[in-house]
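The values are calculated or read from the model by the stated rules, or taken from the named source; none is laboratory data. Everything quoted here is computed from the prediction, not taken from an experiment. We place every Cβ from the backbone using ideal geometry, glycine too, and count neighbours over all the protein chains shown.
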Amino acid sequence: MAFSVVMPALEMAQETGKLIAWRKKEGDRVSKGEPLLDVETDKAIVEVEAPADGVLAGIQASEGADIPVGQTIAWIVAPGEQPPADGGPSSAAPTARAGSHARTEQSHAPAPNSSAPAQIPAAASGAKISPKARRLAKELGVDIPQVRGSGPGGEILASDIQAAAAATATPAGKALGKLEVPSSIGRIMAERTAQSWTTVPHFFVSRDIDATAINQYRERLSSTGNPAQSGSAKARITHTDLLVALVARVLLKHPRLNASWTVEGIRLHDHVNMGLAIAVEDGVVAAVIPNAHRATLSEIAERRGEIAERARAGKLRPADISDATFTISNLGMYHVDQFSAIITPPQAAILAVGSITDRVAVVDGKPAVRPMMTLTVSCDHRVADGARAALFLNDLAAAALEPAKILG
């Protein structure tokens, strides 16, 4: 039985994905769960797994192509079996989305929560154009019939629209500075942050906390280890790991900050999937530590190290970027004292973490030098108000004074 491999929907409202590379070639044997292809999404380059065992056949998409979500790009067949000739699944050929176990009845289904058409729409010039390219052309004011597509069969890609926009941006005979065309990740990051900033009612609450106990706890773990923590003894515990563990546990008492805004209403989560903002060459990606509220420090450190390494190598997996309920952005290692972060919808909040520096603080009514850290929580005012944000920071500050009590 043939299984169609389709461009997967790895994110909400995703319309297309860019095929970066095939890990297998036509005729290769593949095993379910092994890397099959790399796809560039709105957030990162994701490693997609094979959905079934068999032989890769009938490859219909070339590297570099922007492909609508749900479109068949190849088949996995039994040895000696031929892929369906019509290029689409039939009742005898179920569709398996790459990287998941789900099967759909049609390979050209649009992405969830997306109004994008299933097929690549034709441009006014007669050439095919991806939904992403059409949307970009509208944003940049590019006349589609004047664009020559570089994709398969002359398909107009997002990169073609960007090039056309760059070409018309410079008046004839006038020398301008160097134009840097952002990567797909950089451009989408710009679009997403602009959309969040203009549609989500942000407000910010800051709190200085004493990091003395956090420093001491981390030093104790580094020097002696902690037998109460499971996992690899080689995992190096960082301040970020400690914050992930503390914030996740405190969030359980503040469900409005561990929530999502949806068209149906406010969705409260009973688990904490912690997103971590990770700087990569092209921008920032948010990788996820699932169920951080019950993970040990060693487990958090191991997961953080793994996803950071994959993010910087451009090898994130679908599960690495999915289903975050809250995000932490830590710029302390860059010696930033304080900043405010932009919320990642549909999440209701994000925590910005500054560096730990010695400052004069009042201790028992007297001035004293203490290692202090500024935390700023950005909240969606549709979900949480200032009082809820303040109570969350109060509880987090209290937890930071007794990390051993909270984490064991």
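Of the residues making up the range 371-386, those that are in contact (Cβ under 8 Å) with a residue 60 or more places away in the chain and surrounded by fewer than 19 Cβ atoms within 10 Å (Cβ to Cβ) number 4. When the strands (runs of 3 or more DSSP E) confined to the range 258-308 are screened for residues that are within 20 Å of S196 (Cβ to Cβ) and touching a helix residue (DSSP H, G or I) at 6+ places or on another chain (Cβ under 9 Å), those reaching at least 2 such residues are found at 274-280, 283-289. Considering the range 315-408, the qualifying strands (runs of 3 or more DSSP E), each wholly inside and each with 1 or more residues that are over 29 Å from the mean Cα position of the chain (by Cα), among the charged types (D, E, K, R) and closer than 13 Å to D208 by Cβ, run over 357-363, 366-380. Take the conditions (1) surrounded by 19 or more Cβ atoms within 10 Å (Cβ to Cβ); (2) under 30 Å from A21 (Cα atoms); (3) in contact (Cβ under 8 Å) with a residue 60 or more places away in the chain; A389 misses just one of them, which is (2).
Residues being within 28 Å of T296 (Cβ to Cβ) and of a type in the set (V, I, T) are entirely absent from the range 383-404. Against the list (1) under 20 Å from A313 (Cβ atoms); (2) among the hydroxyl-bearing types (S, T, Y); (3) modelled with pLDDT of 90 or more, the condition T41 fails is (3). For first residues located in the range 36-47 and on the phi < 0 side of the Ramachandran plot, partners that are at pLDDT 85 or above and among the aromatic types (F, W, Y) and lie 6+ apart or on another chain with Cβ distances below 9 Å form the pairs L36/W22; L37/W22; D38/W22. Look at (1) among the polar types (S, T, N, Q); (2) touching a His at 6+ places or on another chain (Cβ under 7 Å); (3) more than 23 Å from H254 (Cα to Cα) and you find that T357 fails only one, number (2).
Here's the yes/no breakdown for (1) among the β-branched types (V, I, T); (2) within 30 Å of A292 (Cβ to Cβ); (3) at pLDDT 85 or above; (4) assigned by TED's automatic domain parsing to the domain that holds G354:
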residue: K132; (1), (2), (3), (4): no, no, no, no
residue: I144; (1), (2), (3), (4): yes, no, yes, no
residue: G151; (1), (2), (3), (4): no, no, no, no
residue: D160; (1), (2), (3), (4): no, no, no, no
residue: A167; (1), (2), (3), (4): no, no, no, no
residue: G231; (1), (2), (3), (4): no, yes, no, yes
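Select from the range 185-212 the residues that are outside any helix (DSSP H, G or I) and not hydrophobic (A, V, I, L, M, F, W, C) and list them in ascending order.
P201, H202, S206, R207, D208, D210
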